[in-house]
Each structure stands twice: as structure tokens, then as C-alpha cells.
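The values are calculated or read from the model by the stated rules, or taken from the named source; none is laboratory data. Small disclaimer: the values here were computed from a predicted structure and weren't measured. No Cβ is skipped: glycine too gets one built from the backbone with ideal geometry, and neighbour counts run over all protein chains shown. SASA here: full protein model, heavy atoms, side chains in, ligands and nucleic acids out. Shrake-Rupley method; radii C 1.70, N 1.55, O 1.52, S 1.80 Å.
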Amino acid sequence: MACSAVRSPVLRSPTVRHYAAAAATQCSSAAVPELQVLSSNKVTVATINNNNPIAQVSVIFRAGSRNETYETQGVAHHLRICAGLSTCRSSVFGITRNIQQLGGNLTATTDRESIAYTLQITRDKLNNALTFLEDVATQQVFKPWELSDQLPRLRYELSTVPETTRIMELLHKAAYRTGLGYSLYSPKRQLGRINTETLQHFVNTWFTGSNCAVVATGVPLSSVAEFATSLKVASSDKAPEASKYHGGDLRKERTSELATVAVAVEGTGLNKEKDVLAYAVLQRTVGSDGPRVKWGSSTSPLQRQVSSAASADQFAISAFNASYSDSGLFGFIMCSMPSVAGSVTKAAASYLKSPKISDADIARGKAILKAEILYAADDCAMLLENLGQQALFKGRVYKPADLVAEVDKISVSDVKSVAGKVSSGKLSMAAIGDLSTVPHVDQLN
């Protein structure tokens with residue numbers, strides 16, 4: 001059993017990703033997704049019965065770090081760490097031994113808006129293992145002595161967070177301050193202060209039927225609905241406060257051979273379907289990754305713009321797009337030698353304020369996004385994750401082919417329209433490392 005920070009679906013790319021080891025399996029994306037909202041407890045159920053020999057079942061709650069308050073920051077991180085501890089019906093040993101004996105894998109993953117408990121196991125052993133998934137997801141007791149035993153693990157995780165992850169956490173803090181600005185990781189000052197009562201209150205408040213989705217692959221809808229009906233979740237209906245975008249500048253100077261900088265403006269939320277796809281296309285158009293040919297070089301518009309300020313071997317840069325339920329961020333993340341960090345940041349910010357993209361660039365961006373959607377449909381873990389996000393936040397599920405058709409509907413004018421919004425947006429900035437040449441955000445406007 002393991003716990004990890006969530007991998008994000010196609011439209012929510014800049015989050016932390018750690019994986020539990022599992023054998024790769026072949027899965028079919030041709031099966032039609034099904035969705036049902038249970039009348040008994042308001043839980044949303046969605047499945048793709050693709051006849052995969054490995055069944056995957058995930059219980060997802062709309063409760064992440066954005067649901068925290070100033071006093072309870074770090075609760076979501078603690079919940080992830082506590083997955084698999086003693087429950088009302090099972091001990092740590094009982095959960096671990098039984099899942100291992102059945103040959104299964106149980107993980108907990110979090111992001112800013114959700115926490116998911118996922119079981120992977122062969123279909124013939126699924127019924128025996130679902131009891132432990134239910135225990136881990138809905139029957140927590142958070143014994144004080146078990147919580148204290150997790151402190152070394154929490155400290156270790158905080159000490160091993162990569163710098164590219166730290167910069168995204170810092171950028172969200174600068175952009176939103178609270179809500180979406182709260183980190184996926186617990187502040188060090190909260191270690192030892194998050195107790196049983198705090199965790200239980202968070203679970204009782206947010207782990208409710210209307211905030212829950214149970215999704216599965218390789219399992220028929222009727223079986224998943226039967227399991228979801230048995231979940232003991234509260235019936236209250238509470239939604240998190242809307243996160244307000246503020247913009248700002250946060251910096252952490254440290255001895256380093258590199259400077260890492262992230263700059264963004266407010267993007268769009270998943271509640272605006274056409275815009276969210278347009279921003280996703282724009283990200284791939286501007287340049288969301290490095291070269292796609294081994295030993296090649298990137299020819300993206302952003303790369304070309306920044307190459308005029310420094311040699312290509314002195315920096316690495318990529319556009320990013322993060323779409324949440326009601327807001328989002330669009331910008332770039334850059335890592336470079338300190339001596340050229342200032343000129344590279346200014347050149348990239350200048351491009352962000354006045355993006356120059358051609359029709360051919362947009363056509364390439366659409367092709368890349370469609371390919372990524374179809375590739376994700378062939379990856380069982382990504383297929384389950386996208387299914388869960390759609391069921392939880394949209395209340396419906398798309399076939400990959402239908403989502404590709406929606407991307408095809410995005411016109412050149414749609415992409416250029418959101419590019420115009422980017423150019424007029426208020427900047428947020430985060431920087432870590434040797435910042436001797438890195439400008440402040442007011443110097444980029």
C-alpha cells in the first residue's frame with residue numbers, strides 16, 4: 001500500500017506526481033463510459049467496463065487543500081499520509097496483509113480540489129478487497145499514537161519536494177493567497193499540531209455524498225453502484241468558497257547553481273468548457289514541453305522568443321496551464337543559469353504579455369492536445385483519473401473520441417481570443433534559487 005500526490009488529467013497538468021509501482025496492463029478505451037447518480041446517498045458512479053483483467057475502483061471526494069482554513073493548513077497532506085491506518089473495522093496490519101495477500105494495490109492521491117482512494121486488483125479478487133477500500137476511504141478513526149508515528153514520514157516528504165514542485169506551490173500562494181493558494185504539503189509549523197479532532201472534523205464536513213464519486217474501469221456499473229450504495233457518507237451539502245485571484249510576487253533566495261522562475265496570469269476554470277479547451281490548445285501552441293525528436297531542439301514560439309535573450313543550453317522553459325473548478329493559471333515555468341535568469345524571465349514575460357502565434361502553430365497545438373487525450377485513454381491509470389475528475393466536477397463523462405471532437409471545434413479565433421486575455425492579465429510570479437538578476441513582478445508589467 002502506498003500514498004502519493006495526484007497525477008493530473010490532461011487539462012490540469014502542473015501538480016505533483018509520485019507513483020506506486022504497478023505492472024503495466026493493456027486496456028481498451030473503446031468501451032462506452034456510463035454514469036449514474038444514486039438517489040440514496042447522492043454519490044456519483046461512473047464506469048468504463050473495458051474487460052480489463054485488472055479492475056480499478058476509486059473513491060474520490062471533492063476535498064483538497066483548497067478546503068482548508070489558515071488554522072487547518074496541512075490537513076489534506078495528513079489525510080493522504082494517514083491512508084491505510086486503523087479504521088473502525090480494520091487494523092493497519094489487517095489492511096496491509098489482506099491487500100498484499102490478494103495481490104492488490106491501494107493508493108491515496110491528492111490535489112488542490114480532491115482526494116482519491118484507489119484500489120487496483122484482479123477482477124476475481126475484487127469483491128474480497130472492496131471492504132478494505134471502503135474502510136480506508138470512509139471509516140477512518142485517526143488514533144493519536146498512529147498520527148504521531150507518521151511525523152517522520154511527513155518530515156521526510158517535506159525535505160524531498162523537488163524545486164519545480166516548490167515553485168508551483170509558491171506561485172499558487174502568490175496568485176490566490178488562500179483557497180487554491182494553500183499548498184499540497186503541510187507547513188512545517190503544522191507538524192504535530194494536526195490532531196484527531198481536526199482530521200475527523202474535516203472528514204465529517206467534506207466527505208459527503210454530494211462531494212463523492214466512485215469510478216471504476218473493468219467493472220460493470222451495477223457492481224460499482226452496489227458498492228457505492230453501501231458507503232457511509234454524510235448527507236450534508238457544502239461547497240468550498242470561491243477562490244479569488246489576487247496576483248503577487250513571492251521569492252525564496254537560497255544558495256543554488258540555478259534560478260527557477262514561474263510567471264502566470266489568471267486562466268479559466270472547468271466551469272467554462274469552451275475556454276478551458278482553448279487554453280489547453282494555447283498551452284500546446286506556445287510550447288508545453290521540450291523537443292519531440294531525440295537529440296532535437298524545441299521550435300515552439302516561446303522557445304524562439306527566449307532564445308534571443310540567452311543561449312539555448314543556458315535555460316529550459318515550458319508553458320503550463322492549470323484549470324480548477326472555478327479558476328485557473330496560465331503561464332510559464334523556467335529554470336536557468338543565474339547570470340541569464342533576468343533576461344530570460346523578461347523575454348518570456350514579454351511574450352506572455354504579447355503572444356505571437358500563427359494559424360500553423362494553433363493547428364500544431366490542437367494536434368498535440370488530441371494526441372495526448374488519446375494516449376491518456378490507452379493508459380489505465382490516466383483513464384481512471386480522467387473519468388473520476390469528469391464525474392466529480394462535471395457530473396458527466398466523455399468518450400475520448402467525443403473529447404477530441406470538442407477540441408476540433410475550437411477555432412483559431414477562440415485560441416487567439418484567450419491569448420488576448422492572457423496578454424491583459426495581472427501577473428503572478430514565484431522565484432527560487434539564486435535570484436541576483438531575477439526581476440520583481442512589477443518590473444515585468
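The table that follows gives values for the structure above.
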read-out	value
Options 294, 252; residue that is modelled with pLDDT of 90 or more, in the same structural domain as residue 389 (by the TED database) and surrounded by fewer than 17 Cβ atoms within 10 Å (Cβ to Cβ)	252
Selected residue (criterion: nearest to the chain's Cα centre (by Cα)) from residues of the range 46-87 that are hydrophobic (A, V, I, L, M, F, W, C) and over 24 Å from residue 202 (Cβ atoms)	46
Any hit, the range 134-151, residues being open to solvent by less than 50 Å² (accessible area, probe 1.4 Å), more than 30 Å from residue 223 (Cα to Cα) and among the aliphatic types (A, V, I, L, M)	yes
In the range 406-437, the residues that are open to solvent by less than 10 Å² (accessible area, probe 1.4 Å) and in contact with a Ser or Thr (Cβ under 8 Å, 6 or more places away or on another chain)	415, 418, 431, 432, 433
Positions within the range 170-183 being over 15 Å from residue 80 (Cα atoms) and open to solvent by 20 Å² or more (accessible area, probe 1.4 Å), in sequence order	170, 173, 177, 178
The range 184-198, residues that are open to solvent by less than 30 Å² (accessible area, probe 1.4 Å) and either under 15 Å from the mean Cα position of the chain (by Cα) or free of Cβ contacts under 8 Å to residues at least 24 places away in the same chain (or both)	184, 185
First in the range 223-242 and under 10 Å from residue 40 (Cβ atoms) and in contact (Cβ under 8 Å) with a residue 60 or more places away in the chain, second anywhere and surrounded by fewer than 18 Cβ atoms within 10 Å (Cβ to Cβ) and small (Gly, Ala, Ser), Cβ under 6 Å, 6 or more apart	229/40
Per-region count, the range 149-166, residues more than 18 Å from residue 87 (Cβ to Cβ), in contact (Cβ under 8 Å) with a residue 12 or more places away in the chain and of a type outside the set (A, V, I, L, M, F, W, C)	7
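The rows are residues; the columns are (1) open to solvent by less than 20 Å² (accessible area, probe 1.4 Å); (2) within 14 Å of residue 287 (Cβ to Cβ); (3) without any contact (Cβ under 8 Å) to a residue 60 or more places away in the chain.
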residue	(1), (2), (3)
348	yes, yes, no
353	no, no, no
356	no, yes, yes
363	no, no, yes
375	no, no, yes
381	no, no, no
395	no, no, no
398	no, no, no
